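Take a look at the structure set out below.
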Amino acid sequence: LLSVDNAMAIAAMASQLPKHQQKLALKLGIIGAYVFRGICLFFVAYIAGNQWLKVLGAAYLLYLMCQHLISDEEDANQDGVADGLQRGLLATIIQIEIMDLSLSLDNVVAAVALDKRLWVICTGVFIGILALRFVAGACIRMIDKYPILKQTAFLLVGFVGAILLTELALEWMNVHFHINSYQKFVGIVV
């Protein structure tokens, strides 16, 4: 589920580029997701035990959502047409890769939260990577057909960041409440 969210966000970022650059940005975004999830798997014990990494990742996801929604609103107010910021290919790819790193942290942390067995974590992350690969191309076509999905993708990225921050805040306050997978799934569907 987190990989589908990642695919929507990659597609939303790539959709700001000219058509001939979108495929390259998607391909590099997916490669980044593979690489960062692999790195996160290698350091899974370190990541799971370091709250500041989770806070940084969650804060970046919230920043990304706010930055996108505010820039779209400002563009719409300027000329009445929400055409988005036309970033260059390199800037878009860098932004996609940073988002990939944040979502990879969350993906691996979510897998660890569900099960502590390494083979289960690896299997879940690899299934997520496969889902990302097959869904990303369809997501960009859906965003072209239904432009509202672009804002929805960034809302989902912010939702994942908010969930992660909420769980960390509750943990720091010694409140024993965990947002389970079913609740996260319902939230994302809504």
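The values are calculated or read from the model by the stated rules, or taken from the named source; none is laboratory data. None of the values given here were measured: they were computed from a predicted structure. Reconstructed Cβ throughout: ideal geometry from the backbone, glycine too, with neighbour counts over all protein chains shown. Side chains are part of the model used for accessible areas, which takes the heavy atoms of the whole protein and leaves out ligands, DNA and RNA. Shrake-Rupley method; radii C 1.70, N 1.55, O 1.52, S 1.80 Å.
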Item checked: Number of the condition not met by residue 174 [criteria: (1) open to solvent by 100 Å² or more (accessible area, probe 1.4 Å); (2) closer than 30 Å to residue 19 by Cα; (3) not acidic (Asp, Glu)] -> (2)
Margin query: Pairs needed: first member in the range 1-30, closer than 13 Å to residue 150 by Cβ and part of a loop (DSSP other than H, G, I, E, B); second member anywhere, of a type in the set (S, T, N, Q) and open to solvent by 10 Å² or more (accessible area, probe 1.4 Å); C-beta distance under 9 Å; at least 6 residues apart or different chains.
Written below: 15/22; 16/22; 16/86; 17/86
Note to self: Suppose we filter 34, 46 for residues that are within 20 Å of residue 4 (Cβ to Cβ) and in contact with a helix residue (DSSP H, G or I) (Cβ under 9 Å, 6 or more places away or on another chain); which single one remains?
What the structure shows: 34
Item checked: Candidates 113, 58, 136, 76, filtered to the one that is closer than 23 Å to residue 185 by Cβ, open to solvent by less than 40 Å² (accessible area, probe 1.4 Å) and at pLDDT below 80 -> 136
Next item on the list: Answer with yes or no whether residue 69 is at pLDDT 80 or above, more than 16 Å from residue 149 (Cβ to Cβ) and open to solvent by 20 Å² or more (accessible area, probe 1.4 Å).
Entry: no
Next item on the list: Collect the residues in the range 31-55 that are part of a helix (DSSP H, G or I), open to solvent by less than 40 Å² (accessible area, probe 1.4 Å) and either under 15 Å from residue 111 (Cβ atoms) or without any contact (Cβ under 8 Å) to a residue 60 or more places away in the chain (or both), keeping them in residue-number order.
Entry: 33, 37, 38, 40, 41, 44, 47, 48, 53, 54
